[in-house]
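Data first, discussion second: the structure below is written as structure tokens.
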Amino acid sequence: MRTINLALQGGGSHGAFTWGVLDALLEDGRIAFEGLSGTSAGAVNAVAFAGGWATGLAQGRDPREAAREKLAGIWYRVSALGSLGTLQQQFTRMLWGGLPPELSPGNFIGNAWRGLLSPYNSNPLDINPLRKMLEEEIDFGAVAAQKELKVFVSATHVNTGKAVVFTGRQLDARAVLASACLPMLFQAVEIDGQAYWDGGYSVNPALSPLIQECAAADVLLVQINPLTRNHTPRSSADILDRINELTFNASLLTQMRAIDFVNQLIADGAVSHARCKAVRVHRVEGGAALEAFPASSKTSADGVMINKLFDAGRIAAKEWLERHYEALGHRATVDIRRDYLDDTRMALPYPAHALPRSVGRGFRPWLQRLLGRG
């Protein structure tokens, strides 16, 4: 049995791909789970996984099967909403931040209206179909009470722009709503007098809780926002799609740079702090399967598309297990420098292996700030 942490990206209905990945991992049975960190749709998948797991434990059932059932129930409910009438479908699109056609980015009149309207007057009742689903489907008390899984959900603090992580007793339906709150569609989610928006603006997903709060050194990222595209977008819709992808991947690139830098310091003997462990990064991504779906389809709740994404996720996870299972606990299967680093990285000003131990200890406050502990 190999233990891993799961990092789940947000990406609207494309989160059904993540559902497929999780379903295959749970079915396989050879992997134990310690931490789950999710943002937006990734947060929904994380709490569904943990909610089913906790319910299964409480009922004396196999928690893996209970988690699979809960994830399926959530996504079947989403796809069922997509088969309703026109008005209900518009509310369903709002589940993942979709706009009605007359307010679409490519519509000139829609753009003019979007400049005048905010969710405080276009959606004064703050209707959000995700709220009811979370309250009815997830037992957040059971999630907080169980001790096997550590669950972290990220949102963006509106006033400061900083990422905020909800966990334990802080993690409830409001926290997940905050993590998935796109500000042009929904009013900011108020928690203890503070306003929050979608976590993707600040961290997508948060990796530092999995590093700081979990013992396992293997982190499996389920990435549904592609890093690269082979063609330069030219239509307004394609340009906006690519801007969305870049925006919601920016924080991931930053976190990966930090992980690589700390891993390098540890490998070179520049740090010896017990809390600074080398992190082994792994990734399951959609590749060509997800490229077949434009970013604009993230707002769709079409049942056929959701099932295709689920199947693609299961296939990707099974292929990953076949190729990389034996690497768990031993080595990373992602080349961070090749895939995530760019020309902004800076080399150490001196050979790290030549640093005296006193210098290594002197890095401790800096590393704490780097990993968000300061």
Phi-based couplings in Hz for the range 75-80 (Karplus 6.51, -1.76, 1.60; Gly and Pro marked x):
6, 5, 5, 4, 5, 5
Test of the criteria: in the range 36-71, which trypsin sites (Lys or Arg not before Pro) are in a DSSP loop and have at most 14 other Cβ atoms within 10 angstrom of their Cβ?
Arg61
Highest to lowest packing among 210-220, 18-28, scored as the average C-beta count within 10 Å
18-28, 210-220
Amide H contacts under 5 Å for Gly10, restricted to residues at least 5 apart in sequence or on another chain and with H modeled in the peptide plane, are Thr39, Gly42
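Quote to one decimal, in nm, the extra length available between His330 and Ile243 on full extension: 0.36 nm per residue of separation minus the C-alpha distance between them.
Working: separation 87, 0.36 × 87 = 31.32 nm, distance 3.64 nm.
Extra length available between His330 and Ile243 comes to 27.7 nm.
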Length added when fully stretched, Gln170-Asn123, from 0.36 nm per residue minus Cα-Cα
14.2 nm
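Every number in this text was worked out from the coordinates using simple rules, so none of it is lab data. Please read these numbers as outputs of a predicted model, since none were measured by experiment. Cβ atoms come from the backbone with ideal geometry, glycine included; neighbour counts cover every protein chain shown.
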